[in-house]
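Down below is the structure, laid out as C-alpha cells.
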Amino acid sequence: MKDIIKQLICVSSLILFSQVFAQQKPVDLVNPFVDTVNSRWFYFNSASRPFGMVNLSPDTDTAKTWSSGYLYDSKYIRSFSHIHAWQLAGIAVMPTTGAFKGHLGMDNYQSAFSHDNEIAKPGYHKVFLKDYDIEVELTSTTRVGFHKYKFPKHKEKTIIFDTGARLAHGPTTFSKVWKVSNTEIAGVQVLKGTGRRPKDTPVYFVAKLNTPFTSFKGWVNNELLEKETDTIQGENAGVGLVFNKKKAAEVLMKVGISYVSVEQARKNLEIEINHWDFDKVHNESLETWNDWLSRIEIKGGTHKQQVKFYTDLWHALLGRRIISDVDGKYTDMTGDKPVTRAVRLDDNGKPLFPHYNFDAWWGSHWSLNILWSMVYPELMDGFCNTMVDMYDNGGLIPRGPSGGNYTFVMIGDPSVSFFATAYNKGIRNYDIEKAYQGLRKNAFVGGSRDHAGYEQESPAFGGGMQYYIDQGWVPEGIEAKGGHKDGASMTLEYAYQDWCLAQLSKALHKEDDYNVFMKRSQNYKNLWNPETKMIHPKEMDGSWIKDFQPVSKSFNSRGFCESNSAIYTHYVPQDMEGLINLFGGAETYTKFLDESFHKGEKLDFVGANKNHAASWVDYGNQPGTGMAHIFNYSGAPWLTQKWVRKVKEVYGDITPYGGYKGDEDQGQMGALGTLMAMGLFQLDGGASVKPYYEITSPIFDEVTIHLNNDYYQGDKFVIKTTNNTPENIYIQGAALNNNTLNNCWFYHDDFAKGGVLEVELGQQPSKNWGVKVPPPSFSQNNN
C-alpha cells in the first residue's frame, strides 16, 4: 500500500511539474546567470530593456573589460552601475549603512552578498547586501534605472554616487554632481578615451528620490570635504546622500541618463517613468521582454533546452545599445568636436528608429544578420539607419561605433554583409543609395577596410587595401599602427565582403560594379597552397610563410585573426563549390572537414584554454561558427545534422559555469545557438540576391516564428518535427507546405509568405535526402 501511495505521489508531482512547466512564459525560462563565471563587462545584464541605454546590474569586479561586471563566484558587490556596454560604463551607486566610506573607494565600501534568495530575470534583479543589511531591487526602462532599497531601522543610511570611479575600460577624467533639491541631484561623468574608443565621452544623469536626503556629502581626490556644499567636481570625486535614520525605511530612486545633456537625461526620466510604482515598471519590463521573446514559440524539448533557447534569444536582443534619447537626439563624436544630432522623425515628431552603438559586425553574418532579418527585421532597419547617419556625420560606414566614436574594431567591413542581407530580404527603410556609396568607399583605398584593428589615424594603411587591389591578396608584415594585421584573414574576409557588395550591386542594377566585385570575390584562391592544400599566408615578396602549421599554440596563428588556417581555410561562404573543387572534390573535402570535427570534439569545439588558434574547430569565436553547416554543400547533409547537434550539446550548459565558453559577443553566440536549435541557417549570411535557408534537424517538436507584417506577408512560419527523440537526430525526409522537399534548403521568399516546414527524424543517417541539389553556390547560381 505504501508503494502504491508513493507511486501516486510521484505521478501527481510529475503532472503538477508538467503543468507548471507548460505554463511558463518565454521570459520565465531565461536564466541570466548562465556562464557568468566567465563574465565580461557588457555580458551580464539583469535590469535592462531590449538594447537599453540603461543596463543596471551589480558589479562584483570593476578593474578591466574582461572578467568584470557581475562574476558569479565573486564574494562582494562593489556597486550598482547603469551602463554595461562595449567600451562604455558609468554612474555607479551603492547604498550603505553606518559610517560613511564613499571617499575611501569601492574596496572599502563594497559588501558581501549571497546567491541565497538572489533573483535575476530579464528586467529585474534582487540581492541582499550582507554588510549593510539592505535589500536591493533593480528594474529599468530603456533610459532610466529604478532602484528600491529597504534599509534597516535606526542606522545611518547613505546612497553613494561614485562618479569618479574607474569602471571597466578606463578611468574617469572628471565628474561633477550638484544638488537640485533635497530629492534630486544631477551630474556628469566623463569617461576617458581608450585605445578603442579614442575620445573622452561624457555621460549625464539626473537622479530623483521619493525620500528627502538630509545632507549632501562630497569628496575630491579621495578627500572628504569638511564643509557641505551643493556642488562637487573634480577628479576622483563623488557624493553621498545621507538620510534620516528613522524615516528612510524604504527609498525609491530613479536615475535617467543621456549622452547629450543633463536636460535630456531629465527628459528621458520624466517621460519614461512619471510615477513611483516600482512594481509597475518591473512588470512592464517583464511584459516587454516576453513580447520580444514570444516572436518565437517552441514546443517539446527538455526543460534545459528550453531554458538555453530563450536565454540565447535574450542575449541576441540585449548586447548592443541605444544611445539616442527619447526624442531622438544623440551625440555625434566622429568629428573634431561633439555635435548634437537627431534621428529621422515621423509625422508626429517621434523617432522612426533609435541610434545605436555596437561592437563590430565581425562574424554576425552567421548569427545576428540571419536571426534578426527573419524574426526582428525592424532591428535591421534601425541599425542600417544608424550606419547611414554615421556616414553622413563622419564620412564612413562604421564597423563598430562606441560613444559616437569610430573604433575600427576588428578587421574589414562586415557592415556590407549586414546591408546586403537586409536589402535582399526586403528590409529597406533607409537611404540605400547613400548606404551603397559608403559601402563602396569602404571597399577601396581610404575606406574603413584600410584601418587595421583600432587603427584610429587617417590615412590608414594597416588593412592593406592597396595590396589587395594590386595583387589580390594581403601580405604579412604590414608596418602600420593598430592590430589584427593578419593578411590571410583579411584576404578571405575581403573576398566574402566583395561578394556581398556584388549581391547588393546586382540588386541595385549596378552591373559594372557587380562584375568588379564578383571577380574580386575569387581572391581567396590566391592564398590556396596546392601543396599544403590549405589557405597559406604569404610574405611581402609573395613567398609562402615558412613553418606553416594548420593549428597553433599561440592565440593567433600567423596570418590569421584570432584563429588559424584549419578554420579560415573553410571561410569561403560565397563559393563553397569553388573551395570544394580546390580540395579535389566533395568526397575529399567532406573527409577533411569531418576529420577536423573529430579532432575539434576532443577540445569541446573550442581552443584549449580559450586559445582560438589551437583547435581544428572553434565555436567559441566568430570565424569558425559556420563550419558544421558546410556539409550541406559537400553532399553530406547528415553530417551537418550530426555535428550541429553535438556542438549544441557542448554549448548547452545552463549553469553559471558554461554555456558560451566565455565569449558571447553582444548576442552573436546567442543568435547562433537560437538558429541551431531551430534547424535553420544561411552559410552566406543571407546576403544573396535571392536568399535561401539551409536545413538541419531542429531540437524541438515545433517552432513557430511569428512574422512581422510590416515586412513579410505571411502570418507565421512553423517548423514541425516527427519522431523527435534525443537519439533521432537525422533527417529522413521533409515537406514544405505539404509539398515534398528533397533539397536541404529553401528560398527566403517561401519563408516570408509563411507556411509549414515538416521534418521527419530518425536514428540513422539518410544518405539520400538533400543530396541531389546542394544549396546555391557561386559557380551554380551567381555568375
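FYI, it's all coordinate maths here, none of it is from the lab. What you are looking at is a predicted structure, and each value in this text was computed from that prediction instead of being measured. Here the Cβ positions follow ideal geometry from the backbone for every residue, glycine too, while neighbour counts run over all protein chains shown.
Numbers at a glance
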read-out: Environment charge at VAL409 (Cβ cut-off 10 Å; Lys +1, Arg +1, Asp -1, Glu -1); value: +2
read-out: Largest to smallest principal axis extent of the C-alpha atoms in segment 311-695, angstrom; value: 60, 49, 39
read-out: Relative contact order, percent, segment 311-695 [alpha-carbon distance under 8 Å, six or more residues apart]; value: 17
read-out: Scattering curve values for segment 635-774, log₁₀ I(q)/I(0), Debye with Cα scatterers, q = 0.09, 0.21 Å⁻¹; value: -0.28, -1.39
read-out: Given charges at beta-carbon only (K, R positive; D, E negative), |dipole| of segment 31-291 in Debye; value: 360
read-out: HN-Hα J in Hz across segment 459-476 - Karplus 6.51, -1.76, 1.60, θ = phi - 60°, x for Gly and Pro; value: x, 10, 10, x, x, x, 5, 4, 4, 4, 6, 6, 10, x, 7, 9, x, 7
read-out: Furthest towards positive pole of dipole, SER521, ILE119, ASN385, structure part the chain, Cβ charges; value: ILE119
read-out: Net charge contributed by nearby residues that have their C-beta within less than 12 Å of THR340 (K/R +1, D/E -1); value: -1
read-out: Set of aspartates and glutamates near LYS646 by C-alpha distance (under 16 Å), chain-local residues within fewer than 8 positions excluded; value: ASP594, GLU595, GLU601, ASP604, ASP618, GLU727
read-out: Cleavage-rule hits (GluC sites (Glu not before Pro)) in segment 485-550: DSSP loop, at most 14 neighbouring Cβ within 10 angstrom; value: GLU531, GLU539
read-out: In Hz, Karplus ³J(HN,Hα) per residue of segment 61-77 (6.51, -1.76, 1.60; θ = phi - 60°; x = Gly, Pro); value: 9, 10, 7, 7, 6, 8, 6, 8, x, 9, 10, 4, 8, 5, 9, 10, 9
read-out: Positive-end residue of ILE397, ILE160, TYR310, charge dipole of the chain with Cβ unit charges; value: ILE160
read-out: Span-like helix ranges in the chain, DSSP H, alpha carbon extent 27 angstrom or more, Kyte mean at least -0.5; value: 2-23, 487-507
read-out: Centroid-to-centroid separation of segment 369-403 and segment 219-276 [C-alpha atoms, Å]; value: 34
read-out: Segment 714-757 - convex hull of the alpha-carbon atoms, volume per residue in Å³; value: 79
read-out: Neighbour-count ranking [beta-carbon atoms within 10 angstrom, fewest first] of CYS744, CYS384; value: CYS384, CYS744
read-out: Nearby lysines by direct alpha-carbon distance to LYS246 (threshold 16 angstrom, same-chain neighbours under 8 apart not counted); value: LYS150, LYS153, LYS155, LYS157
read-out: Surrounding net charge for ALA186, when Lys and Arg each add one and Asp and Glu each subtract one, Cβ distance under 14 Å; value: +2
read-out: q = 0.04, 0.07, 0.08 Å⁻¹: log10 I(q)/I(0) that the Debye formula gives for the chain, counting C-alpha atoms only; value: -0.17, -0.51, -0.67
read-out: Given charges at Cβ of Lys, Arg, Asp, Glu: segment 243-304 dipole, positive-most of ILE271, ILE296, PHE243; value: PHE243
read-out: Net dipole in debye of segment 424-522 [+1 Lys, Arg Cβ; -1 Asp, Glu Cβ; about Cα centre; nearest 20]; value: 420
read-out: For peptides 598-608, 629-639, sequence by mean Cβ density within 10 Å, most packed first; value: 629-639, 598-608
read-out: Simple Cβ-charge dipole of the chain, Lys/Arg +1 and Asp/Glu -1, about Cα centre, in debye nearest 20; value: 1220
read-out: Volume of the Cα convex hull of segment 31-291, divided per residue and given in Å³; value: 113
read-out: Helical contribution to [θ] at 222 nm, DSSP H n ≥ 4, -39,500 (n - 2.57), averaged over the chain, rounded to 500; value: -8500 deg cm²/dmol
